[in-house]
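Next up is a structure, given as structure tokens.
The values are calculated or read from the model by the stated rules, or taken from the named source; none is laboratory data. Every value quoted in this text rests on a predicted model; they were computed, and no experiment measured them. Heads up, the Cβs are rebuilt from the backbone with ideal geometry, glycines too, and the neighbour counts pull from every protein chain shown. The protein model used for the area step is the full one, side chains on, heavy atoms only, and it has no ligands, DNA or RNA in it. Shrake-Rupley method; radii C 1.70, N 1.55, O 1.52, S 1.80 Å.
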Amino acid sequence: LKPEAERILAERRRGGLAAAPSGRGGDGDAAAGGPRDQALLRPEEQGRMWEGFHRKVNTTAKFFKERRYILQEFPQLVAEDTRHVVEFGCGNGSSVVPLLKGNPRARVTAVDFSPSAVSHTREAVRQSGLDPERCALFTCDLSRPGDKGGDGGGDNDRALARLHASQADAVLMMFMLSAVPPDLMQESIRHAFASLRPGGLVFFRDYGMYDLTQLRFDASQHVGAGQHGEVYTRGDGT
């Protein structure tokens, strides 16, 4: 795929376009993202968009293939002393299922801020014939700071407190951080480390600058640029 990425980047440079498009006309407001674009970065709006995606597009637990490669890329997930793994952003269960299969000693706590995603993951576990008692599932918005003591009365505060009490051996984030508004990514990372036992590990995979996913975005999908880098949306707003 490298030649294709180099070709796209070269074409953009020849056309006077940055690798990350600067907007829709070159004016300052467009480069920073218009009001509609900025609205897409609000957590509640992204939550609505992702719920729509999982409810409409990801209508079955078989929509995505199992990510079996995580067991090779992150062999610590199947180590003998790994007994509890937390996944942030479980989607449809494509990571939870191979993890439960690959490490029969482990249990998984998996969360997503889309109720439909949690339902899909639960169904994927059931369809795979795995013991549902090994997988705790609940909704949680990981971009929120949460009440420090977890007794603020809100459902999300209680969900965050439950995660922080996990003392997990590992936290897994697969293409999760890119689904969080950039200014709030730090909160998600903080929650990840707060959910670990001393010496626990965080594993993640996500998009990178100048990879094909970014280079293939059209300028109309560019929301803006900020201190945390370029921001894009897909056609469904996620």
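Report, by chain and number, residues whose modeled amide H sits under 5 Å from the one on D206, excluding near sequence neighbours (fewer than 5 apart, same chain).
Sorted by chain and number, the residues that satisfy this are F175.
Heavy-atom accessible area of F175 with all protein chains present, probe 1.4 Å, nearest 10 Å²?
So the heavy atoms of F175 present about 50 Å² to solvent.
Let me check something: with ligands and nucleic acids excluded, how do I70, I189 order by accessible area (1.4 Å probe), largest to smallest?
I189, I70
Also, quick follow-up: Give, as a single signed number, the net charge of other residues whose beta carbon lies under 13 Å from the beta carbon of A168, with Lys and Arg counted +1 and Asp and Glu -1.
Within the 13 Å Cβ shell, the charges total +1.
Cβ neighbours within 10 Å, averaged per peptide: list 84-91, 126-133 in order, most packed at the top.
Ranking, from highest mean packing down: 84-91, 126-133.
Related question: Report Rg/Rh for the stretch 82-208, rounded to two decimals, where Rg is the Cα radius of gyration and Rh the Kirkwood radius.
Value, to two decimals: 0.94.
Sorted by accessible area with a 1.4 angstrom probe, largest first, how do M173, M185 fall?
Result of the area sort, largest leading: M185, M173.
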